[in-house]
1. Restrict the check to region 3-23 and report whether at least one residue is touching a residue at least 12 places away in the same chain (Cβ under 8 Å), of a type in the set (Lys, Arg) and more than 21 Å from GLN107 (Cα to Cα).
2. All but one of (1) in a strand (DSSP E or B); (2) without any contact (Cβ under 8 Å) to a residue 60 or more places away in the chain hold for SER62; which doesn't?
3. Can you tell me which residues in region 72-115 are over 16 Å from GLU46 (Cβ atoms), open to solvent by 50 Å² or more (accessible area, probe 1.4 Å) and within 11 Å of the chain's Cα centre (by Cα)?
4. Hey, can you tell me all the residues within region 30-59 that are of a type in the set (Phe, Trp, Tyr) and either in a loop (DSSP other than H, G, I, E, B) or buried (at least 16 other Cβ atoms within 10 Å of the Cβ) (or both)?
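The values are calculated or read from the model by the stated rules, or taken from the named source; none is laboratory data. All values reported here derive from a predicted model rather than from experimental measurement. We place every Cβ from the backbone using ideal geometry, glycine too, and count neighbours over all the protein chains shown. Remember, those area values only see protein heavy atoms, side chains included, never the ligands or the DNA or RNA. Shrake-Rupley method; radii C 1.70, N 1.55, O 1.52, S 1.80 Å.
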Amino acid sequence: QVQLVESGGGLVQPGGSLRLSCAASGSIKNIYIMGWYRQAPGKQREWVAVITSEGLTNYAESVKGRFTISGDNAKKIVYLQMNSLKPEDTAVYYCNWLQAGLSYWGQGTQVTVSS
């Protein structure tokens, strides 16, 4: 079992920045894929960014150039630095941990971009 705890959400003005964290604990393996997803009210959950245990990253087009995903392998924490935030980035952000064919989700953290 893997437990995930997200933090760092909040209210920010358009153009502002936030950094989300996802701390993993439990039976962590050396090879994993960790992703950030988000779900806005009335919309389906969508993928935002991903990082592998080898440090490879990829981003959804809607956040490319504004968001940066990074990880601390020793601490098993993954970050999502979000810059130039827009109102359309408002959503609950979830981290997802994939290892050995199993998928785990955090409880989510709310990000609200509004003036």
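1. no
2. (1)
3. Of everything in region 72-115, just one residue is over 16 Å from GLU46 (Cβ atoms), open to solvent by 50 Å² or more (accessible area, probe 1.4 Å) and within 11 Å of the chain's Cα centre (by Cα), namely GLN81.
4. Step one: of region 30-59, the residues of a type in the set (Phe, Trp, Tyr) are 32, 36-37, 47, 59.
TYR32, TRP36, TYR37, TYR59 - these are the residues of region 30-59 that are of a type in the set (Phe, Trp, Tyr) and either in a loop (DSSP other than H, G, I, E, B) or buried (at least 16 other Cβ atoms within 10 Å of the Cβ) (or both).
Table: residues versus (1) touching a Phe, Trp or Tyr at 6+ places or on another chain (Cβ under 8 Å); (2) at pLDDT below 95.
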residue	(1), (2)
ALA24	yes, yes
ASN30	no, yes
MET34	yes, yes
TYR37	yes, no
ARG45	yes, no
ILE77	no, yes
LEU80	yes, no
PRO87	no, no
GLY101	no, yes
